[in-house]
Amino acid sequence: MNEFLKRYKIKIKTLSPIYIGSGRSLLKKEYVYDRKKKKIHVLNLEKMYADMMKVGMAKEYEKFLLYSSENLHRWFQLMKIDKNKYKNWIQYTLDCSETEIGGRTTAIELFVKDKYGHPYIPGTSLKGAIRTALLGCELADELNPERYRNMIREDRNGIGKKFYLERTMKKIEKDIFVYEEYQENKFGKKEKNPVFVNNKMSSIRVSDSKSLDVKDLTICQKVDLKLRNQENRLNLLRECIKPGTEIEFDLTIDISNETYEVNEIMEAINVFFDICQTQSEKFETSGVMEEDVIYLGGGSGFLSKTVMYDVFEEKEAIKQTSQILKSFFNQGKFNHHHENDSKVGVSPRTKKCTYYAGKRYEFGLCNIQIQEI
C-alpha cells in the first residue's frame with residue numbers, strides 16, 4: 001500500500017432534497033402524469049414502441065408524437081390504454097404530491113444515473129462543493145483581502161456577458177490553491193516556467209457515490225422564496241434525492257504533496273456554511289442548526305456556489321453581488337432590477353426552495369462526516 005495515500009469514508013445524510021442534473025429532461029409525451037393520484041410514471045419507451053408494433057399501433061403513436069399537443073396520459077385515455085395495459089412499460093414511479101401545476105404537465109429534469117438506471121452523485125459534484133468551501137474559508141481568513149477585492153472591483157471585461165468574473169476567479173483560485181516554485185537564471189531573475197507545480201486540490205480525490213435506488217427519488221417543484229415570506233412557484237420539476245437519504249463516497253488524500261487535512265476540510269465547510277447562513281436567515285424560514293453541513297448539487301442558489309460574502313464585508317458584498325446578478329438578469333425585457341438589492345439589504349433577493357412531505361426546504365443541504373478507514 002502506498003504510505004502517502006490516506007483513505008477515508010465520506011458519509012452524507014441529505015437534510016433537504018438534492019438535485020444533480022443529468023442534462024436530460026422528460027417531455028410531456030415521455031411519461032404518464034396521473035393527476036388524481038399525484039404520481040408520475042416513467043416508462044421504458046423502447047419496450048412500449050416494440051409492443052405497439054406487435055399490435056399495429058405504431059403508426060398511431062408516431063402521429064401522436066408528430067402532431068398531437070396532448071400529453072401521454074391523455075393519449076392513453078383516447079386510445080383506451082389503461083394502467084393494466086401500460087403497467088409493464090413502467091420503469092419506476094415517483095410521487096409528485098407536493099407539486100402545484102394544476103392540469104398542466106411540463107418537462108421533468110432528470111437526476112444523473114449510472115448505466116443501470118440507478119441514481120448516484122458524481123465525485124466531481126462533492127469535490128466541487130468542498131473546493132468552494134475551502135476557497136471561501138481561505139478568503140475569509142486572508143490577512144490581506146484587499147488585493148482580491150481589487151481584482152474583483154476592477155474586472156469589467158465581462159459585464160453584461162455570460163462569463164463575467166470567470167477569468168478573475170480563476171486567477172484567485174490559482175493564487176489560493178497552486179504553489180509554483182521557480183529557479184533563478186544567471187541574471188538573478190526567476191525563469192519564466194516553474195520547475196515545480198503543486199495544486200493542493202489535485203491531491204484530494206473523491207469517488208462517485210455508491211449507487212442509490214430510484215425509490216430514493218421524488219419530484220420537487222422549484223419555489224422562489226422572497227422577502228416577507230412571499231413565494232413564487234415555478235413550472236419547473238426536478239427528480240431529487242429525498243431528505244434523510246444516506247450516501248457514501250471514498251476519499252483519498254495524497255499527503256506526499258502540500259494539501260488539506262480532513263480537519264481543515266471540515267473547518268472550511270463549517271466556516272463557509274455559517275457565512276452563507278447569515279444571508280439565508282434574512283428570509284422568513286427556519287435555519288439549519290446542525291454543524292458539518294454542506295451545500296451540494298444544483299438549484300441551491302448563488303450563495304452556495306460563490307465566495308462574494310467571504311471576500312467582502314457584508315455591505316460591499318451585497319453591492320458586488322447585485323452587480324453580478326444585474327449583468328446576468330437585467331438584460332432585455334426580463335429586468336429584475338438587481339440595482340435595488342442594496343436598498344433591501346440582501347442579494348440575491350430570492351432563496352431557492354422546494355416542498356417535500358408538507359415542509360419547505362432549501363435545496364441541497366447535507367450533513368457530512370469523514371472517517372478514516
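The values are calculated or read from the model by the stated rules, or taken from the named source; none is laboratory data. On a predicted model such as this, the values are computed, not experimentally measured, just so you know. Cβ: placed from backbone, ideal geometry, glycine included. Neighbour counts: every protein chain shown. These area figures cover heavy atoms from the full protein model, side chains too; ligands, DNA and RNA do not enter into them. Shrake-Rupley method; radii C 1.70, N 1.55, O 1.52, S 1.80 Å.
Within segment 44-67, residues that are touching a residue at least 40 places away in the same chain (Cβ under 8 Å) reach partners that are of a type in the set (A, V, I, L, M) with beta carbons closer than 8 Å, at six or more positions or on different chains, in the pairs ASN44/ILE90. Taking SER304 as the residue in question, decide whether it is modelled with pLDDT of 90 or more, among the hydroxyl-bearing types (Ser, Thr, Tyr), within 24 Å of PRO17 (Cβ to Cβ) and open to solvent by less than 40 Å² (accessible area, probe 1.4 Å). Answer is yes for this residue.
Pairs linking a residue in segment 191-213 that is acidic (Asp, Glu) to a residue that is in a loop (DSSP other than H, G, I, E, B) and surrounded by 13 or more Cβ atoms within 10 Å (Cβ to Cβ), with Cβ atoms under 6 Å and 6 or more positions apart or on different chains, are GLU191/TYR182; ASP208/TYR120; ASP208/PRO122. Selection of segment 1-15 for residues being among the polar types (S, T, N, Q) and modelled with pLDDT of 95 or more yields only THR14. Among the residues of segment 220-262, the ones that are part of a helix (DSSP H, G or I) and under 18 Å from SER202 (Cα atoms) come to 1 in all.
Candidates in segment 334-373 are the residues that are among the β-branched types (Val, Ile, Thr) and within 30 Å of LYS6 (Cβ to Cβ); of these, the one that is least open to solvent (accessible area, probe 1.4 Å) is ILE368.
Candidates are the residues of segment 192-246 that are more than 28 Å from LYS351 (Cα to Cα) and modelled with pLDDT under 90; the one that is most open to solvent (accessible area, probe 1.4 Å) is LYS192.
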